[in-house]
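Please treat every number below as a calculation from the coordinates, not as lab data. Given the structure is predicted, the values throughout are model-derived calculations rather than measurements. We place every Cβ from the backbone using ideal geometry, glycine too, and count neighbours over all the protein chains shown.
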Amino acid sequence: MNAPPRASELGMMSCHVCRLVTAYTDDPHAHCPRCGNSLHARKRGSIGRAWALLAAAAIFYIPANLFPIMRTQSLSSKDDNTILSGIVELWRAGSPGLAVIVFTASIVVPMLKFIIMGYLLVSVQRSSGFVAKQRARLYRFVELVGYWSMLDVFVVAILSALVHFKILSRVEPLPGVVYFGVVVVLTMLSAMSFDPRLIWDNRKSQ
C-alpha cells in the first residue's frame, strides 16, 4: 500500500507552537501569521540536541543510582538509602506494591526511555522507513511515561515533610535525588527535542 503524500508535497506545513496550518515555505525567516513563531518544516538540529541530552542523562543516571537519595535518622539509627536499597527496604517493610511501583518508575522506565530514544534516533539517522507507525507509537509512549519518572523525587519530598512532624525521627534528601531529577528532566527534554515527523520522512508504506 502506497503511503499518503506528506504535507510538504501538498504545499502545507504547521506551526510548532499554535499548530496553525499554513502554506509551505523554506524561507528561514518565515513566521506564523497567528502567533509569530518561526516556521520550519522540521526542527533544526533535532537529532543532535536529542542525542546530546540523552547522553547527558545517561551520564547522570550513574551517580543517581550510586549515590544515596535519602537518609532516615532516629535516636537509635541512621541509614542512607540508594534507589535500589530503598526498594529493598520497602519490600522488607511490608510494602511490596510500593516497592514495585518505585522500581518501575526509577529503574524500568528510565532504561526503556534510553533504549527507545536511542532506537528512534538511530533509525532516523539511518533513514529507515521500517515500521514507521510502530516507532511513532514508541515515541508517544516515551512522552506519556516521562512525567511518572519523577516518582522517587516525590516520595522523598513527601516523606521529608511527613517525618519532620515527628520530633525523634527525620528524613533528609541526599545528592542522589538531585542527580535522578536531572536525569528525568534531561530525558524529557531529549524527547521534546526529537522531531517525530522525521520518522515518516523515509516510510515506504503504512
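Listed peptides 179-186, 28-35, 136-143 appear in the order 179-186, 136-143, 28-35 once ranked by packing, highest mean of other Cβ atoms within 10 Å at the front.
Length gained on full extension, residue 12 to residue 100: 27.0 nm, using 0.36 nm per residue less the C-alpha separation.
Extension gain for the segment residue 178 to residue 133, taken as residue separation times 0.36 nm less the Cα-Cα distance, is 12.6 nm to one decimal.
Take the Cβ atoms of residue 185 and residue 44, set R0 to 25 Å, and the FRET efficiency comes out at 0.70.
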